[in-house]
Amino acid sequence: MLDYAQARRLMVDCQLRTFDVTDIALLDAFDAVPRERFLPEDRQAFAYIDQSQAVGSEDGETRYMPAPMVLARLIQALALKPGNRVLEVAAGLGYGAAILRRLGVEVVALESLPGLAAAARARLGAGVTVEAGPLEKGAAGHGPYDAILVNGQVEQRPQALLAQLADGGRLACVQGQGRPAKATLWVRSGDAFGSRPLFDATLPPLRAFAVEAGFAF
């Protein structure tokens, strides 16, 4: 039988620490949260490999849990502080939200697939607010947010999400079309938004942020 605790420690030591994840509280959170509990039973044996994992499908769309090192680097870039209000977009079964909650932030987890949203709510309990709704619209009723994490690849600027950031707020996502895309950090300053690339990365694309055929930047 797979020793999940040992696999989790190896993930932290061999995937995260070697990929410039240096935040001690974040490393501790990844070591403490059982990743396998946020996967379907038939996928739990693959919880700690360095790949995104499918967590469920509805209405022809599949949601994925990001690969550990990409998720960790995105969260680290947000420079979170205890008490921050954070929106997680495309929450899946709630793994990212559980990591964020472990960091002492207030988490709103948004998932557009109703069955997954209900399953995430059951796994996460009362410590996280789970909302079911369109990803591209965010969850303005709980904002503004100090930080927003997008669990998937976006092909276009997530404008409605950026508008829900507080002044000085940050949004981390993987942005681009195809491979490789770029992990990107957006920062709000008043009514202006700046962005900078962080590292090459690829995640499964989110349909809600796809570029329509014939769209030109």
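The figures follow:
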quantity	calculated
Condition met for Arg8 (over 26 Å from Leu135 (Cβ atoms), at pLDDT 95 or above and surrounded by 20 or more Cβ atoms within 10 Å (Cβ to Cβ))	yes
Considering residues of the range 163-177 that are farther than 21 Å from Gly141 by Cα and in contact (Cβ under 8 Å) with a residue 24 or more places away in the chain only, the residue surrounded by the fewest Cβ atoms within 10 Å (Cβ to Cβ)	Gln177
Residues within the range 145-162 that are within 14 Å of Ser195 (Cα to Cα), over 16 Å from the mean Cα position of the chain (by Cα) and either modelled with pLDDT of 95 or more or surrounded by fewer than 15 Cβ atoms within 10 Å (Cβ to Cβ) (or both), tallied	1
In the range 178-217, the residues that are surrounded by 17 or more Cβ atoms within 10 Å (Cβ to Cβ), without any contact (Cβ under 8 Å) to a residue 40 or more places away in the chain and within 19 Å of Leu87 (Cα to Cα)	Thr184, Trp186, Arg188
Filter result for the condition that a residue is at pLDDT 95 or above and either surrounded by fewer than 20 Cβ atoms within 10 Å (Cβ to Cβ) or small (Gly, Ala, Ser) (or both), over Gly60, Gly83	Gly83
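The values are calculated or read from the model by the stated rules, or taken from the named source; none is laboratory data. Just so we're clear, the structure is a prediction, and the values are computed from it rather than from any experiment. Quick reminder, even Gly has a Cβ in these numbers, built from the backbone with ideal geometry, and neighbours come from all protein chains shown.
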